[in-house]
Each structure stands twice: as structure tokens, then as C-alpha cells.
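Engineer: The structure that follows is given in the form of C-alpha cells.
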Amino acid sequence: MELHADPRRILPVTDPDRRELVLSCGAALFTLRTAIHARGFHPATTLMPSRADPDLLAIVRPLAERTPDPRVVGLARAIPRRRTNRRPFRPTAVPRSTLPLLRHAAELEHAWMSSLDAERCGLLRDITDRAHLDQLADPAFVTELGRWTELRAGTRDGVPSYATAGSPADESWLLDEFGAASQGTRPDPLVVVIASLTDGRLDRLQAGQALQRVLLTATAAGLHASFISPPILVPSARAELRRLLGCGVWPQVLLRLGYGSPLPWTPRRALEDVLLEKLVSA
Ligand SMILES: Cc1cc2nc3c(=O)[nH]c(=O)nc-3n(C[C@H](O)[C@H](O)[C@H](O)COP(=O)(O)O)c2cc1C
């Protein structure tokens with residue numbers, strides 16, 4: 001199976017260098033590998049196989065039948081249950097014993113993951129607030145965000161309004177959760193960053209796989225997640241976040257993890273829309 005990026009689905013204002021596109025494809029690739037593994041085949045994977053075709057991101061060949069690893073079967077079972085939960089989380093602390101599991105999930109996919117302590121969360125809160133104001137000051141960003149988050153009849157693209165219903169319209173939920181934690185009225189939110197050592201296309205593809213492995217591991221542990229995107233998407237904020245993290249790594253994804261209320265399922269594109277050609281050998 002070949003995995004191709006779909007350049008028609010880029011968000012040119014939000015994602016001018018296609019970083020998020022490659023991360024998203026990495027997440028899809030991990031889902032594919034997990035599903036193949038859970039069906040009893042080894043997913044032999046080649047990343048970036050063609051210099052001539054940079055949109056060909058991976059080739060996956062299901063090889064040699066084998067007994068699936070029960071841990072991977074657990075991740076496969078989490079695939080249909082995983083969803084992005086943008087609503088405020090319940091004030092229940094995530095057991096710190098979950099962290100090593102999530103960190104290990106990222107490391108298995110050649111990425112680096114760390115959680116942010118209360119002090120860094122406070123600084124992140126300021127970075128996020130300023131970065132989001134910068135985003136909202138750009139009319140092109142606001143137009144693109146509106147196009148991507150309005151449910152349009154006859155399309156399955158974008159984030160439907162019911163998936164954001166009940167969540168604050170801006171990033172204020174994040175500020176509220178951090179604020180309440182610093183006042184001692186709720187536990188610190190669990191905020192993790194997935195990062196890479198360099199910031200090339202291959203790093204992003206691997207970070208995307210790490211993202212999905214972390215998300216499925218979190219789902220299997222009963223957790224929900226949502227994305228904190230302004231500090232990643234606004235270049236000056238990303239530079240600040242790099243300095244905050246310290247060790248020279250490139251932040252690729254920031255996640256808030258916790259226990260949320262149940263959510264409806266978001267739509268997927270039709271299979272014939274994403275599976276372009278079927279070659280069936282005799
Ligand atoms: C790389 C990446 C970046 C994302 N960034 C955001 C984001 O900034 N804000 C957001 O609300 N959701 C973000 N999402 C979540 C997607 O909107 C979501 O996965 C998609 O709409 C499908 O919904 P589901 O996760 O509930 O299945 C991101 C997802 C990926 C893979």
C-alpha cells in the first residue's frame with residue numbers, strides 16, 4: 001500500500017510549509033500499520049521511498065503472517081474509540097503512572113515526549129494567549145479557520161460544528177484550566193509535547209506516527225486529548241516554546257490530556273475517496 005499526501009487538502013495560511021499535512025499523514029500511517037499488525041501481518045514500512053515524488057510518503061507491505069502482539073491489538077481496538085475532545089475536562093488528575101507509557105509510545109516511533117510542569121504550563125499559557133491573538137489579527141487565518149470548522153452540506157472535510165460544540169470558541173478553556181490549577185481549585189492539566197531532534201520532512205512523518213501511537217495509548221487508558229496549536233503554528237511562538245523546552249528539540253505537537261465527556265463520532269471521507277486504486281493479485 002502506498003501512502004500519498006493529498007496537496008489539495010493543505011491549509012495554505014495555517015500550514016504554509018505543509019508541516020501539519022505530513023504530521024497528519026504520519027498519524028494515518030501509524031493507524032494503517034497498527035491495523036495490519038492486528039490482523040496478523042508484519043507491516044514492513046519504507047518511509048519517503050522516492051526522491052522524485054515527495055508526496056509519496058510511505059510504502060507498507062503486509063508480510064509474513066504472525067501472531068499479533070496483544071499490546072498492538074489493544075491499540076487497534078482504540079482506533080474507533082479515539083476522537084479529539086475539545087471540551088473542558090473533568091477536574092480529575094491523570095495518574096502520573098500513565099506518563100511513562102505515553103513517553104515510551106513516542107520513543108518507539110523515534111520521537112521525544114515530555115510533560116510540562118506547572119511553572120512551564122504557566123509560561124505556555126502566556127505564549128498561547130499571545131500567539132492566538134496574533135492568529136486572530138490575520139483576516140486570512142480567520143477566513144481559513146471558518147472554512148475548515150463550519151459543517152458544510154455535502155462535504156466531509158473539516159471539523160463539524162458538533163465536534164466543537166460545548167468547547168470554548170477560543171483558547172480560553174486552556175487559560176481557565178491553567179488558571180484554576182494555579183489557584184489550587186483543580187489539579188494541573190496534563191500537557192505534553194511531542195518533539196523531534198531535527199525538523200525535516202522525515203522527522204515530521206515520524207512525529208505524526210508518534211502522535212497517533214500516543215493518542216491510541218491514551219485512548220486505551222481511558223483518556224481524551226485535544227491539540228494546543230497556536231504555539232506550534234505561529235513561528236515566533238514556536239521559537240519561544242523551543243527555548244522553554246530547553247534541550248534544542250523541535251516541538252511538533254502539543255496535547256492536553258484528561259478525562260472528558262463522551263463525544264459523537266466525526267465523519268470520515270468515503271473509502272473510494274481515499275483508496276485511489278485497488279490492485280488485486282490473483
Ligand atoms: C497534526 C494534527 C494537528 C491538529 N491540529 C488541531 C488543531 O489545531 N485544533 C483542533 O481543534 N484540532 C486539531 N487536530 C485534530 C483534527 O481536527 C481531528 O483529528 C480531525 O478533525 C478528526 O477528528 P477526530 O480526531 O475526532 O477523529 C489536529 C490533528 C492532527 C493530526
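Engineer: Return the whole-Å distance between the Cα centroid of segment 89-109 and the Cα centroid of segment 1-79.
Structural biologist: If you average the Cα positions of each part, the centres end up 23 Å apart.
Engineer: What is the antiparallel percent of DSSP beta bridges lying wholly in the chain, to the nearest 5? The partial results should precede the final answer.
Structural biologist: Numbers: 25 of 26 bridges.
Here the share of antiparallel DSSP bridges comes out near 95 percent.
Engineer: What is the helix-to-structure angle for 118-136, meaning the angle in degrees between its Cα long axis and the longest Cα principal axis of the chain, kept from 0 to 90 and rounded to the nearest 10?
Structural biologist: Roughly 80 degrees, rounded to the nearest 10.
Engineer: Order these peptides, 245-252, 224-231, by their mean beta-carbon neighbour count within 10 angstrom, highest first. Walk me through the intermediate numbers first.
Structural biologist: Details: 245-252: 16.5, 224-231: 21.8.
For the peptides 245-252, 224-231, the packing ranking is 224-231, 245-252.
Engineer: His224's amide H: which non-local residues (gap 5+, or another chain) put their own amide H closer than 5 Å, with H modeled 1.01 Å from N in plane and none for Pro or chain starts?
Structural biologist: Gly258, Tyr259, Gly260
Engineer: Could you tally the net charge around Leu233, taking each other residue with its Cβ under 10 Å from the Cβ of Leu233, Lys/Arg +1 and Asp/Glu -1? Let's see the in-between values first.
Structural biologist: Numbers: positive: Arg19, Arg238; negative: Asp15, Glu20, Asp134.
Taking every Cβ under 10 Å from that of Leu233, the sum is -1.
Engineer: Please provide three numbers in whole Å: the alpha-carbon extents of segment 202-282 along the principal axes, with the largest listed first.
Structural biologist: For segment 202-282, the Cα spread along each principal axis is 55, 34, 21 Å.
Engineer: Dipole of the chain, Cα-centred, from +1 at each Lys and Arg C-beta and -1 at each Asp and Glu C-beta, to the nearest 20 debye?
Structural biologist: Details: 36 positive and 31 negative charges, 182 e Å.
The calculated dipole for the chain is roughly 880 debye.
Engineer: Using only Cα atoms and rounding to the nearest 10 degrees, what angle (0 to 90) does helix 235-245 make with the longest principal axis of the chain?
Structural biologist: Compared with the principal axis, the helix lies near 80 degrees.
Engineer: Counting pairwise Cα distances across segment 83-274, what percent come out greater than 30 angstrom?
Structural biologist: On the way: 3321 of 18336 pairs.
Considering segment 83-274, 18 percent of its Cα-Cα pairs are separated by more than 30 Å.
Taken together, the values in this text are just the output of simple stated rules run on the coordinates, not laboratory data. None of these values were measured; they are calculated from a predicted model. Neighbour counts run over all protein chains shown; Cβ positions are idealised from the backbone, glycine included.
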